Each structure stands twice: as C-alpha cells, then as structure tokens.
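Visitor: Questions regarding the structure given below will be posed in turn.
The values are calculated or read from the model by the stated rules, or taken from the named source; none is laboratory data. This structure is a prediction, so every number in the text was calculated from the model and none was measured. Cβ: placed from backbone, ideal geometry, glycine included. Neighbour counts: every protein chain shown. Accessible surface is based on the protein model in full, side chains and every heavy atom, while ligands, DNA and RNA are left aside. Shrake-Rupley method; radii C 1.70, N 1.55, O 1.52, S 1.80 Å.
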Amino acid sequence: MTSRFVRAAAAGAALAVSAGAFAACSSEPETTPDDVITIFAPQDAGNGQDLEDNAFTTVIEEKFDVDLQFETTTWDGTAAAEKRQISLASGDYPDAYMLIPWVDQFSADELVKLGGQGVIVPLDDLIGEDTPNLTAAFEKEPGFEELATSPDGNIWGIPAWNDCYHCSYPSKLWMNSAWLDTLGLEQPTTPDELRTVLEAFKTQDPNGNGEADEIPLSAAGGASLLSYLMNPYVYTPEMYANAEAATPSALGAVDGEVVLQPTRDEWRDAIAYVTSLYEDGLIDEGAFTQNGEALMAKGNSAEGVILGSVAVMHPWFVDSNQEDGRYTQYDAVAPLTGPAGDDTFWSAGGAGAAPGATFVITNRSSEAKQQKLMQIVDFMVSYDGHLQAEFGIEGENWVRPEEGDVALDETLAPNFEVVPAPSGEGLKNSWGPMAQFFSDAEFRNGQVTATDIYTPEGYERRLFEATKLYEGHESDELFPYWEVGVTGETATELATVQTNIENFVVQASAEFVTGVRDISSDEDWAEFQQNLTDLGADRYVEIYQQAWDESE
C-alpha cells in the first residue's frame, strides 16, 4: 500500500451495514429508455442547488444527449444514509448513485454484498479507452485505483479522491484574537492556560458591552471539541455522532496492540478535564447538541460578538459581511501540550477519501446507459470538466489565472480562481463536492487565492496556513483501520458491534461532560466499563486485532 493511500484513506468514513439491509434488492427493477438516466444524489437546497435545474446538469445533458432525472436527499449524513437504504431496499432504485463521501457513501463491504447480489455492476470492463481521464488519474495516483478496488478484487464503484490539506487536521480550535488583545492575553499552549483564557473571556467582558453574554468556548455536535481538548491527554480521533458509526474512532494502537481508548485511565483524565471546563461554565451548554445553523446564529448574533472560541474544522460560523469585522477576529490555536505532550494529535490524512465508492451503477442501467454514465464521470475527472462540475460556469463561478496570480501552494503554477457566489447561490450552477472524483493536491493547491487571508477571497489560504500549526503533531497511536479488511460474516458482526460501541462512546462522553454520569465516581467509571463490555468491546478489539495482524 502506498504511503499516499495511507494518508488518503484515513480521512474518510465508510458506512457499515448489516447483510439484511439489501434483502429486498433481489427483484429486477423496471428501467427507463436509454436516453433517460436516473440518479440518486444529495442536494443542498439551502445553498441554491437544484440538480434538475442546474447549469452543469444542462452541460451534461447536451454533451451526452441524455435526460438526467434525480432522486435527491439532503446533505445531512444520517438522513441521507437512511434514504439511500430505503431506495435500495425498495427494489425500485435508480440507474446510478452519485454521493458525497463526508455525507454518505458505499463502504467496501457494501459494494461486495451489492455486487454479489447483482444489484450493482462491475466497472472493470467499462474503464479503459472510453475513460481516458479516469485511466490517467489511476496512473498518476496509484492509491486512487487501489482505493477503488474492493476486497474481492473488483471495481464496483468509483470513490472520491479529494486531497484536502486543511481537512487533514479537522479538530482545530479557532479563538478570538481581538478578545485576547483586549485582555492582554496570549494564545494558550497548555490545558491550564486554555482554562485561564476561557475564564477571562467569561468574566472580564472582552466584547465591552457591560453584559455577561460571552460564550468562552462552543462547538457543533461536540466531535471537534472533544478531540481537540482530549488529545493533550490521550490520542482521541473525532467521534462522529451519527447513526452509522462509520469509523472505529474509539480505537487506538499501542505497541502493535489495538486498544479501546475509553478503557484507559488517560481517557478518564481527559474527560475529567473537559468536564471541569463545562462545570465552570466555560463550555457552551449547546456544544454537544446544536447543529451548524444554531452555531452560526451565535457567531452572527445581532447583539454583537459573543463567541470567544469555537472547535470546528474551519471558521464557517461567522459571515464575512458582518460590519463589525468579527470575520477577521478568529485565528487557529495550535495543539495544546498536556501530560502526554503535544505530539498526540489526530491527523485524518491528506486526501479526503475512504475505501468504498461515491459512484455506482445499478443493474437497472442498460449497457448503453452504463457507457454514458462512465463517460460522464470521466468528463468530471478531466480538468475542464472538473472545473465546470465542481464550481460552475466559467467567467461567472470561476476564471482562469492571470499574470501575477498566486496559487494556494506558492510552489505551484496557478490554475483557476473561484469567484465567490452571492449568499444562497453557491451551488446554483454546479454539482459541488458530488463532482470531486479526482481533486489531487496539484489541482486543489494550484487554485488562485488572495494573499489577504482575512478576506473571503483569501479563505482557502487562511485554512492552508492555519493547518500548518497542526502538521507534525500526529500521534503514533493512530490505528490504521483503513489497512484492515474485514469481510463476510465477520464484517456483518463487526458492523453491529462497531455501531453499538461507537455510538455509545459518543453518548457517554457527552453524559460525563454534562454531569449525567460522574467521571469522578469510581462506581460510574466501573459502570461505563461494564457497559462497554456488555456491548461487545472485547469482540470489537479482537476482530480488528486479528484483521490487522493478518494484513501485515
């Protein structure tokens, strides 16, 4: 396995499902004429996206002489996954599924099951002379083809290869530098220093309105919050609070042994630290339950600036059009140095990709449709097709570089520049991340970006530079689950136990922090450990350990 692929696969999430989920898929679905292609896809209606009435949809329909008809879902991962499962189980599924990996995608195990049932068709024979761009991408980035190849050796679908540097360190903390300046404070470097800063944010009126309305630390869903705050004590990947429990986030690796991190005393110490911040009113009460919309409402509060710091991947929680300039106030804080040092951080890898697929063709699709669908994907892998698919219309949504333009990675030649869209129209003309089949580092980091990081045009550079604070602090306890293949009946067993364990850890973590469980109580801690055992913790570790040993 290439080191590139190791970095790539670490970032993604792959949906684990039971074997019975596709029981209703065996019947032959009705099909449509060869010039009508039906596609199941996520759609961001809130950002102006209507796949039926979309500029890039029109480009595809005219270029390939087809009529595209969409069955849509939302960008909410849980809802999208549920609707996809219902679509498959109904037996009346579309010609193809085209998904977004961080919303929902097919796992490697799903692909093997669906392929074995004949629900999806193998793509191996469809990749070749008629798909020159995809073939070239496989050759340029061998890990991409390896990622697309299922454990049974077939290519049942195409994954999304998105070499996103800032995505590789998702557990960032963004802090209000203007408040630090007002209070004469420096960015914290240790957990104790962070507590001091948060206490000052809470008690010293940094927004200057004479009211105690400041929120020292907030988040949405709590995943980045827990990961950032706990890593100084024990390696803690982001725990995604979704119904799929797609990745083994609660696992680590110590001296070649798979370890369930919440069974360790260091994990207890880490949760105790987070709990103490919450008990002192330094963490927003809504941090574990609010969604992104609720967090943005606080970030853009009409009453003034109230957020002191926020644990999220990037500072989307503040709009750039705020007249008071709060958009420019938030800067990333490097990993904190705790009892375990500062090289305990979690890296998700350089490319946002995971074993499995975002694109599959079903047995509803005729041979003519299969060829057209592969040509459509191949077009989106091409340079010009990619620009139109992900960003929209040339001259309106993106432009080619001019003399003097600077690429995000200044060692690369600039290749394109995105034109910011009006609010609510960001995806009116494109398919957005659904089209990110091959966004390698050269493509992404060659994007022209303004040098002023505090302008909307310089946002990508702001993220790029912030991420440099986190690079080099990776933990050696990261468990390389993406190298581990579990299939067959064991995979079905694993899907159940992983869902139970991972979702319980997310739930119990929040309960400890918010006081539902008492982290200082030995009785409550023992009960938590027994809960893990009852849910199959020993078997969970055993399956991954055995598979990891066999993969070496």
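Visitor: Between the range 244-301 and the range 155-197, what's the alpha-carbon centroid distance in Å?
Guide: For the range 244-301 versus the range 155-197, the Cα centre distance is 14 Å.
Visitor: Charges at C-beta only: +1 for Lys and Arg, -1 for Asp and Glu. How large is the resulting dipole of the chain about its Cα centre, in Debye rounded to 20?
Guide: Roughly 220 debye, rounded to the nearest 20.
Visitor: How fast does the range 400-552 diffuse by Stokes-Einstein, in µm²/s, taking the Kirkwood radius from C-alpha pairs at 20 °C and 1.002 mPa s?
Guide: Diffusion coefficient, whole number: 105 µm²/s.
Visitor: May I pose another question? Need one value: the accessible area of Ile543 in square angstrom, 1.4 angstrom probe, rounded to the nearest 10.
Guide: Ile543 exposes around 10 Å² with every protein chain in place.
Visitor: About the Cα centre of the range 348-467, what is the dipole size in debye to 20, counting +1 per Lys and Arg Cβ and -1 per Asp and Glu Cβ, all else neutral?
Guide: Roughly 760 debye, rounded to the nearest 20.
Visitor: Using a 1.4 Å probe and counting only protein heavy atoms, arrange Val505, Val254, Val36 so the residue with the most accessible area comes first. Before the final figure, lay out the partial values.
Guide: Values: Val505 0, Val254 45, Val36 25 Å².
Largest to smallest exposure gives the sequence Val254, Val36, Val505.
Visitor: Check Phe70: other-chain or 5+ apart residues with amide H under 5 Å from its amide H, H built from backbone geometry?
Guide: Counting only residues 5 or more places away or on other chains, the set is Ile39.
Visitor: When the dipole is taken about the Cα centre of the range 90-242, and only Lys, Arg (+1) and Asp, Glu (-1) are charged at their Cβ, what size is it in debye, to the nearest 20?
Guide: Working: 5 positive and 25 negative charges, 94 e Å.
The calculation lands at about 440 debye.
Visitor: Moving on to the next point. Using R₀ = 51 Å, calculate the FRET efficiency as 1/(1 + (r/R₀)^6) where r is the Cβ-Cβ separation of Ala297 and Gln117; round to 0.05.
Guide: According to the calculation, E is roughly 0.70.
Visitor: What is the helix-to-structure angle for 367-381, meaning the angle in degrees between its Cα long axis and the longest Cα principal axis of the chain, kept from 0 to 90 and rounded to the nearest 10?
Guide: 40
Visitor: Given a Förster distance of 25 Å, report the FRET efficiency between Glu425 and Glu465 from their Cβ-Cβ distance, rounded to the nearest 0.05.
Guide: 0.35
Visitor: Taking amide H atoms as placed 1.01 Å from N in the peptide plane, list the residues 5 or more away in sequence, or in a different chain, whose amide H sits under 5 Å from that of Leu173.
Guide: For Leu173, the qualifying residues are Val333.
Visitor: Something else about it: Could you give the nm distance between label points at Asp125 and Glu552, where each point is 7 Å from its Cα heading toward the beta carbon?
Guide: 4.1
Visitor: Per 0.36 nm of contour for each residue apart, how much would the distance between Glu285 and Thr451 grow if the chain were fully extended, relative to their Cα-Cα spacing?
Guide: 56.1 nm
Visitor: Just to confirm the filter: which GluC sites (Glu not before Pro) across the range 171-202 are DSSP coil and have at most 13 other Cβ within 10 angstrom of their Cβ?
Guide: Glu186
Visitor: Please compute the Cα-Cα pair-distance distribution of the chain with 10 Å bins starting at 0, giving whole percents from short to long.
Guide: Calculated over all Cα pairs of the chain, the distribution is 4, 17, 28, 27, 18, 6, 1 percent.
Visitor: log₁₀ I(q)/I(0) of the range 418-467 at q = 0.32 Å⁻¹, via Debye over equal Cα point scatterers, no solvent, to two decimals?
Guide: With no solvent term, the Cα-only Debye profile gives -1.14.
Visitor: Next up: In degrees between 0 and 90, to the nearest 10, how far off the longest principal axis of the chain does helix 522-534 point, with axes built from Cα atoms?
Guide: Helix 522-534 sits at roughly 10 degrees to that axis.
Visitor: Given a 1.4 Å probe and heavy atoms of the protein chains only, how would you sort Asp269, Asp522, Asp109, Asp95, largest accessible area at the top?
Guide: Heavy-atom accessible area, descending, gives Asp522, Asp269, Asp109, Asp95.
Visitor: If every alpha-carbon in the range 197-304 counts as one equal scatterer, what log10 I(q)/I(0) does Debye give at q = 0.10, 0.19, 0.24 1/Å?
Guide: -0.36, -1.02, -1.35
Visitor: Separate question: As an exercise, use a Förster radius of 51 Å and the Cβ-Cβ distance of Asp181 and Thr32 to find the FRET efficiency, rounded to the nearest 0.05.
Guide: 0.25
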